[in-house]
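I have placed the structure first, in the form of structure tokens, so that the comments after it can refer back to it.
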Amino acid sequence: MKTYTIHLIRHGETYGNEKGQYIGVTDLDLTTNGIKELQEFKMQNFYPSCDMLFASPLKRAVHSAQIIYPEKSENLITIDNLKEMDFGDFEGKTIDELKGREDFINWISGKVAAPPNGEDFNLFVARLANGLRDIVQILMDNNKFSASVVMHGGAIMALLAVSAVPRRKEMSDWATGNGRGYTIKITPSLYASSGIIEVTGEIPPNGAGLINEVTEKLYKGIVDNGTEKN
């Protein structure tokens, strides 16, 4: 039975990350520090080799993929379904700016599944799953067996919280720092029937979850809305 190895890597730092803002579909590029950090990680051999390279179409993901895998960037394939969640009216705002708003409190408490004018969490996860299926199909069509996918922290966290084994207690346990990620294995028949993803490692080893306090606060804000339990 054929299996496919896929490396899910979060993009480098953006100014939104630096400020602790909810940045979903807003198309920010990397900071100077974000570029430097990715280059340093690459020199430290953080990143595994791959047969094919994919990314979210947003600038921060595409630019990160080009830095991490320059030898494959000419053949980079972007997948629209890998975009980060649309935070609607909360885009570009910090938790401190939002914490007194009733609509934010309703979202955080799980009374609603989507931010105002934003994306429903369950539809977000379904979109990501479709994106992953597209990648597996492209690998199969090209007789390739491994890929690196540069995408977004919230997207990685949501996808693994719903589908990954072994399970982790909290959704935020799948949080990953900029330029870090997870390696998964997918058996197409099993994924088609059950949606199960096997997590086999971290990028770098034992270092995927190294995040700063600002990022942790944002992730906790997303997770505390309880929508991953729906």
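The residue list N45, N75 contains one member that is surrounded by fewer than 20 Cβ atoms within 10 Å (Cβ to Cβ) and on the phi > 0 side of the Ramachandran plot, which is N45.
For the range 103-114, does any single residue satisfy the condition of being surrounded by 15 or more Cβ atoms within 10 Å (Cβ to Cβ), hydroxyl-bearing (S, T, Y) and out of contact with any Leu (no Cβ under 8 Å at 6 or more places or on another chain)? No: the range 103-114 contains no residue that is surrounded by 15 or more Cβ atoms within 10 Å (Cβ to Cβ), hydroxyl-bearing (S, T, Y) and out of contact with any Leu (no Cβ under 8 Å at 6 or more places or on another chain). Scanning the range 1-21 for residues that are part of a helix (DSSP H, G or I) and either in contact (Cβ under 8 Å) with a residue 40 or more places away in the chain or not hydroxyl-bearing (S, T, Y) (or both) yields G16, N17, E18, K19.
Look at (1) in a loop (DSSP other than H, G, I, E, B); (2) under 19 Å from Y69 (Cβ atoms) and you find that V149 fails only one, number (1). Return yes or no: is G24 assigned to a helix (DSSP H, G or I) and touching a residue at least 24 places away in the same chain (Cβ under 8 Å)? So G24 fails the test. Taking the range 180-230 as the search range and keeping residues that are part of a loop (DSSP other than H, G, I, E, B), surrounded by 20 or more Cβ atoms within 10 Å (Cβ to Cβ) and touching a strand residue (DSSP E or B) at 6+ places or on another chain (Cβ under 9 Å), which one is modelled with the highest pLDDT? Only one residue tops the list, namely R180.
Condition check for A175 on (1) more than 20 Å from E13 (Cβ to Cβ); (2) crowded, with 22+ Cβ neighbours inside 10 Å: one failure, at (1).
In the range 27-55, which residue that is aromatic (F, W, Y) and outside any helix (DSSP H, G or I) is nearest to I138 (Cα to Cα)? It would help to see each step written out before you state the result.
Narrowing the range 27-55 to residues aromatic (F, W, Y): 41, 46-47, 54.
With outside any helix (DSSP H, G or I) added as a condition, the list becomes 46-47, 54.
On the way: F46: 25, Y47: 21, F54: 10 Å.
Ranking the qualifying residues of the range 27-55, first place goes to F54.
Of the residues making up the range 136-160, those that are over 21 Å from L58 (Cβ atoms) and aliphatic (A, V, I, L, M) are V136, L139, M140. Filter the range 160-172 down to the residues that are under 20 Å from D86 (Cα atoms) and either basic (K, R) or at pLDDT below 95 (or both), then identify the one that is surrounded by the most Cβ atoms within 10 Å (Cβ to Cβ). The qualifying residue surrounded by the most Cβ atoms within 10 Å (Cβ to Cβ) is M171. Within the range 29-42, restricting attention to residues that are hydrophobic (A, V, I, L, M, F, W, C) and surrounded by 18 or more Cβ atoms within 10 Å (Cβ to Cβ), the residue that is nearest to Y15 (Cα to Cα) is L30. For the subset of the range 7-22 comprising residues that are touching a Leu at 6+ places or on another chain (Cβ under 9 Å) and over 22 Å from I135 (Cα atoms), which member is surrounded by the fewest Cβ atoms within 10 Å (Cβ to Cβ)? Only one residue tops the list, namely Y15.
The values are calculated or read from the model by the stated rules, or taken from the named source; none is laboratory data. The structure displayed is predicted, hence computed values, not measured ones. All Cβ positions, even for glycine, are placed from backbone atoms using ideal geometry, and neighbour counts span all protein chains on display.
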